[in-house]
Amino acid sequence: MVSAQVSIYPLGQDDLSPAIEAAWTAFAAHGVRSLPGPMSTLLEGEEGAVFSALQEAFRAACAHGGTVMTVTLSNACPAVGHGVQDAEGK
(Lines give C-alpha, C1' and ligand atoms only; values in the text may rest on other atoms or scores of the structure.)
Protein backbone atom coordinates (compact mmCIF):
# COMPACT_ATOMS: atom_id res chain seq x y z
CA MET A 1 0.00 0.00 0.00
CA VAL A 2 1.28 3.45 -0.92
CA SER A 3 -0.12 6.93 -0.51
CA ALA A 4 0.43 10.03 -2.58
CA GLN A 5 -0.30 13.73 -2.52
CA VAL A 6 -0.84 15.06 -6.04
CA SER A 7 -1.24 18.58 -7.39
CA ILE A 8 -2.11 19.41 -11.01
CA TYR A 9 -1.25 22.86 -12.35
CA PRO A 10 -2.78 23.57 -15.79
CA LEU A 11 -0.68 26.21 -17.56
CA GLY A 12 -2.01 28.88 -19.90
CA GLN A 13 -5.56 27.52 -19.82
CA ASP A 14 -8.60 29.76 -19.48
CA ASP A 15 -10.48 27.10 -17.49
CA LEU A 16 -8.47 24.99 -15.05
CA SER A 17 -11.25 22.57 -14.13
CA PRO A 18 -11.24 20.27 -17.19
CA ALA A 19 -7.60 19.21 -16.70
CA ILE A 20 -8.04 18.66 -12.96
CA GLU A 21 -11.31 16.77 -13.40
CA ALA A 22 -9.67 14.58 -16.06
CA ALA A 23 -7.02 13.62 -13.50
CA TRP A 24 -9.69 12.80 -10.90
CA THR A 25 -11.43 10.58 -13.45
CA ALA A 26 -8.18 8.69 -14.02
CA PHE A 27 -7.74 8.14 -10.28
CA ALA A 28 -11.26 6.72 -10.01
CA ALA A 29 -10.77 4.49 -13.07
CA HIS A 30 -7.87 2.75 -11.32
CA GLY A 31 -9.79 2.18 -8.11
CA VAL A 32 -7.42 4.10 -5.85
CA ARG A 33 -8.90 5.83 -2.83
CA SER A 34 -8.88 9.60 -3.28
CA LEU A 35 -9.71 12.75 -1.41
CA PRO A 36 -9.70 15.88 -3.56
CA GLY A 37 -8.80 19.07 -1.73
CA PRO A 38 -8.44 22.74 -2.66
CA MET A 39 -4.67 22.47 -3.33
CA SER A 40 -4.02 18.76 -3.84
CA THR A 41 -5.56 15.30 -3.93
CA LEU A 42 -4.62 12.51 -1.54
CA LEU A 43 -4.44 9.00 -2.97
CA GLU A 44 -4.01 5.55 -1.49
CA GLY A 45 -3.88 2.11 -3.04
CA GLU A 46 -1.76 -0.74 -4.22
CA GLU A 47 1.54 0.44 -5.68
CA GLY A 48 0.80 -0.62 -9.25
CA ALA A 49 -2.65 0.97 -9.24
CA VAL A 50 -1.36 4.26 -7.83
CA PHE A 51 1.48 4.52 -10.35
CA SER A 52 -0.82 3.61 -13.25
CA ALA A 53 -3.38 6.15 -12.07
CA LEU A 54 -0.72 8.86 -11.80
CA GLN A 55 0.51 8.17 -15.33
CA GLU A 56 -2.99 8.20 -16.78
CA ALA A 57 -3.91 11.32 -14.81
CA PHE A 58 -0.88 13.18 -16.15
CA ARG A 59 -1.68 12.18 -19.73
CA ALA A 60 -5.34 13.15 -19.27
CA ALA A 61 -4.44 16.56 -17.84
CA CYS A 62 -1.87 17.16 -20.60
CA ALA A 63 -4.56 16.56 -23.22
CA HIS A 64 -6.00 19.92 -22.13
CA GLY A 65 -2.73 21.86 -22.55
CA GLY A 66 0.46 22.60 -20.65
CA THR A 67 0.54 20.88 -17.26
CA VAL A 68 2.74 20.63 -14.20
CA MET A 69 2.08 17.72 -11.85
CA THR A 70 3.75 17.39 -8.45
CA VAL A 71 3.62 14.13 -6.52
CA THR A 72 4.79 13.12 -3.06
CA LEU A 73 4.80 9.35 -2.47
CA SER A 74 5.07 7.33 0.71
CA ASN A 75 4.97 3.72 1.79
CA ALA A 76 5.02 4.80 5.44
CA CYS A 77 2.22 7.37 5.65
CA PRO A 78 -1.02 5.59 4.77
CA ALA A 79 -4.02 7.85 4.54
CA VAL A 80 -6.68 5.32 5.65
CA GLY A 81 -8.53 6.65 8.63
CA HIS A 82 -7.65 10.22 7.68
CA GLY A 83 -10.57 10.96 5.40
CA VAL A 84 -9.40 9.35 2.18
CA GLN A 85 -12.22 7.56 0.41
CA ASP A 86 -12.72 5.67 -2.80
CA ALA A 87 -14.70 6.98 -5.76
CA GLU A 88 -17.90 5.64 -4.18
CA GLY A 89 -17.34 7.54 -0.92
CA LYS A 90 -16.25 4.49 1.12
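Filtered by the rule that a residue be surrounded by 15 or more Cβ atoms within 10 Å (Cβ to Cβ) and either touching a His at 6+ places or on another chain (Cβ under 9 Å) or in a loop (DSSP other than H, G, I, E, B) (or both), the range 66-80 gives a lone residue, 79.
Taking the criterion of being out of contact with any Gly (no Cβ under 6 Å at 6 or more places or on another chain) and either assigned to a loop (DSSP other than H, G, I, E, B) or crowded, with 20+ Cβ neighbours inside 10 Å (or both), the residues of the range 11-23 that qualify are 14, 15, 16, 19, 20, 22, 23. Beta carbons closer than 6 Å, at least 6 apart along the sequence or on distinct chains, never pair a first residue in the range 37-64 that is at pLDDT 95 or above and surrounded by fewer than 22 Cβ atoms within 10 Å (Cβ to Cβ) with a second that is of a type in the set (S, T, N, Q) and part of a loop (DSSP other than H, G, I, E, B).
The values are calculated or read from the model by the stated rules, or taken from the named source; none is laboratory data. Computed from a predicted structure; not experimentally measured. Virtual Cβ from ideal backbone geometry, glycine too; neighbours counted across all protein chains shown.
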